[in-house]
1. Have a look at I129, I179 and point out the one that is within 17 Å of the chain's Cα centre (by Cα), under 28 Å from L445 (Cα atoms) and modelled with pLDDT of 95 or more.
2. Out of the residues in the range 230-249 meeting the condition of being more than 24 Å from the chain's Cα centre (by Cα) and in contact (Cβ under 8 Å) with a residue 12 or more places away in the chain, tell me which one is nearest to A210 (Cα to Cα).
3. Considering only the range 403-420, state which residues are part of a helix (DSSP H, G or I) and surrounded by fewer than 21 Cβ atoms within 10 Å (Cβ to Cβ).
4. Being under 21 Å from W60 (Cα atoms) and of a type in the set (S, T, Y) is the filter here, so list the residues in the range 254-310 that pass it.
5. Please work out which one of (1) assigned to a helix (DSSP H, G or I); (2) in contact (Cβ under 8 Å) with a residue 60 or more places away in the chain; (3) more than 30 Å from T383 (Cα to Cα) is the condition I189 fails and give its number.
6. Note down all Cβ pairs under 7 Å where the first residue falls in the range 97-125 and is closer than 21 Å to K69 by Cα, the second is outside any helix (DSSP H, G or I), and they're at least six residues apart or on different chains.
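The values are calculated or read from the model by the stated rules, or taken from the named source; none is laboratory data. Computed from a predicted model, the values in this text were never measured in an experiment. Here the Cβ positions follow ideal geometry from the backbone for every residue, glycine too, while neighbour counts run over all protein chains shown.
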Amino acid sequence: MPQRPNKLSNPTFLFIFIVGGIVSLGIAKNIVDYALGDTYITTLTKTVLSLDLIYFDSWWPMTEAAVAKLKFPDQGIYENVFFERHIKFQYPPISILPFWAVYKFDMSWERATEIANFVSYLSLFGIVICGYKTVTVIAKKYYSEFQVSFAFRVAIFLLVLVATFSFYPLMWGQFIGQIQVIIDLLISIAFLSWLMGRKYFSGMMIALAALIKPQFALFLLWALLRKEKQFLMGLLIVFIPAGVISLAIFGFQEHLDYLRALSHMGRHGEVYWPNQSINGILNRLLVDATSLMWTLESFAPYNRLVHIGTITSTVLLILLGLFYRHKMVIGENGEPSIGSALDLAAMLLICTIASPVAWIHHYGILLPVFLAAFLVAIHSFSTAAKISSLVNILLLCVSYFLLANYFTLAEKEVFSEPPLNLLQSLHFYGAVLLLIALFSLRIDLGGKTVGNRLRPN
């Protein structure tokens, strides 16, 4: 009599069961919160799905910068907006070109922000598609053990759809009117393009994201050290003309002023609890300021220990991302391996976690990274069932739960004083666990040839 197949050795079943389970656990938590009277997530979800625009977290500062460029061309954007009026415009000069253009054509503030919000909303569905394709591409090209049937495709699409619209960093970013959601889509496309072997395009997408978030420019060094010529060319294809255009329109002094604004932000950081970075933790522990309220016109009070701790941690994390390389992380014949994709993912995470200010919505880039990491860990467990593989799955589950959900306790007065305010940094701890898991998975892949090469279609 033939034996029934063991579901624990079926990676397709395990992936849907584990990822579906951890996503469902977060939704169940939200349901319990609602039953206990906390309606925040319900309100946020309804607002996002109905395409309402209540807050203008990115759109307002970018609009003010665009208006300042038109009305006070001799004073300078950052001098007028950031230093004089204390508006937290934290983006490079070139980022305001779309708003500058619409104001040149006398488009109203309301219309401009409606368009920006709609583009951001569409980006959420783009992230769903990228997440779905990430799973199917990895399953088909890297791990033939996954059964990529029609039923699997439908299940994966529904799972990624639910995961996207329950992933708190993404939903919060859309809720508050953040350009970060568009950046999340660019990073999702970049990650998927890398997996598909389209390194030029991957580099171009990351470079576009870096025009808004300059920390991603670190990928220039990453690409040089990895000798990723195609990826580097993709970066330069965007950076060089964008730099020329930005200098031609805004001038050299404006870019120096931007560096001065970045230095000011790095020296101070933010106390407010959604700043899920080492700077945020240190500020909440050492600075006498409330972590329960965001200050519109000022950053955290300067503290020398916080400043030193921020610089030290930032440098160490960046060095780790740039110079940690495990064997076999580069695929054969220049093709990307699954290990190289995890290397890319780790650098994406480090570019976020090493920043002095890493708001929760900045972690919205991580959904496709989680999907890829779960696939690698589950495949490893189903084929070898090693303790290390099980530990990696547990790390990813805990990390996902911490990063993907909102925790009411962070906004409670009792948890706002040190040392209990360490519990306000659950998203940061989730990011650290994910980084550990990514390094661990790469070590686990180091001794394998199957699953670490790009297979032909």
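1. After ruling out the rest, the residue left standing is I129.
2. Only one residue fits best here, namely S246.
3. We begin by selecting, within the range 403-420, every residue part of a helix (DSSP H, G or I); these are 403-404, 408-411, 413-415, 420.
Matches in the range 403-420: T408, L409, A410, E411, E413, V414, F415, L420.
4. Across the range 254-310, the qualifying residues are Y258, Y272, T295, S298.
5. It is condition (3) that I189 fails.
6. Final answer for the pair search is T113/L53; T113/F56.
One line per residue, one yes/no per condition, for (1) touching a Cys at 6+ places or on another chain (Cβ under 7 Å); (2) acidic (D, E); (3) surrounded by 17 or more Cβ atoms within 10 Å (Cβ to Cβ); (4) more than 24 Å from W359 (Cα to Cα):
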{"residue": "L44", "(1), (2), (3), (4)": "no, no, yes, no"}
{"residue": "Y55", "(1), (2), (3), (4)": "no, no, no, no"}
{"residue": "K69", "(1), (2), (3), (4)": "no, no, yes, yes"}
{"residue": "D74", "(1), (2), (3), (4)": "no, yes, no, yes"}
{"residue": "I77", "(1), (2), (3), (4)": "no, no, yes, no"}
{"residue": "P92", "(1), (2), (3), (4)": "no, no, yes, no"}
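A quick yes/no check of all residues on (1) surrounded by fewer than 16 Cβ atoms within 10 Å (Cβ to Cβ); (2) not β-branched (V, I, T):
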position: I189; (1), (2): no, no
position: L192; (1), (2): no, yes
position: E228; (1), (2): no, yes
position: G234; (1), (2): no, yes
position: R260; (1), (2): yes, yes
position: W273; (1), (2): no, yes
